[in-house]
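The values are calculated or read from the model by the stated rules, or taken from the named source; none is laboratory data. The structure presented is a predicted model; accordingly, all values stated were derived computationally and were not measured. Quick note on the areas: whole protein, heavy atoms, side chains included, nothing else; ligands and nucleic acids left out. Shrake-Rupley method; radii C 1.70, N 1.55, O 1.52, S 1.80 Å.
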Amino acid sequence: SQIDPEHMITAINVDGCELTEEQWNMSMGDFQGEELQFYTGNPDQYVVERVQSAPGVVRTCFFEFRDARKEFQDGDNQEGNQRLKVACDTLRAFFDWYGTLVQIASEPKREKLDISKQVGEISETCKKICEQQLYQSWWALGESLEKDLEPQLDKLEDMCRRAARQITAVSPC
């Protein structure tokens, strides 16, 4: 019923299992008769645990963009556009999620988690890709994905991996 102000809820389980996507949208009344378990920890512990998955999410984005590129290069622009939308949505969600982690991290960890330079570079490349999409320059779009965005995502994945290692090594405040 009360959480220490220095702590936050880090996980919620229903009958011993993590909440599903569908359950996150349910009201508390929908869980009558089920055992709810709430886990707490300090914000830095939460960030350390969550940021470990960041490289894998970036890798997923990389493959989604690569799959879109291959569709464009194979001449299937409709499928390429659909895959590109999914990839962009995933990347946007990653940036939002990662930004939230940075905001709740303590100051020493925040510096190690900073990816703002990479986000800026990726955003510029994405603007160029959007222009190519608007002008239906499919060949150029595929080239931008392959030569610009994919290497940037690869670099971002490496940076997230290093950041995860570095904040794990920093002692909690």
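For the stretch 3-86, the per residue solvent-accessible surface stands at 63 Å², with DNA, RNA and ligands left out and a 1.4 Å probe. In the list (1) 1.25; (2) 1.14; (3) 1.02, the label attached to Cα Rg over 2.2 N^0.38 Å as derived from the coordinates here is (1).
GNM remark for the chain: springs join alpha carbons under 10 Å apart, and the peak mean-square fluctuation among Glu71, Glu35, Glu49 falls on Glu35. The distance from the alpha carbon centre of the stretch 1-39 to that of the stretch 95-149 is 33 Å, rounded to a whole number. Using the rule -39500 (n - 2.57) for each DSSP H run of four or more residues, divided by the residues of the chain, the 222 nm mean residue ellipticity is -21500 deg cm²/dmol. On the stretch 17-173, 50 percent of the accessible area sits on carbon and sulfur atoms, based on a 1.4 Å probe.
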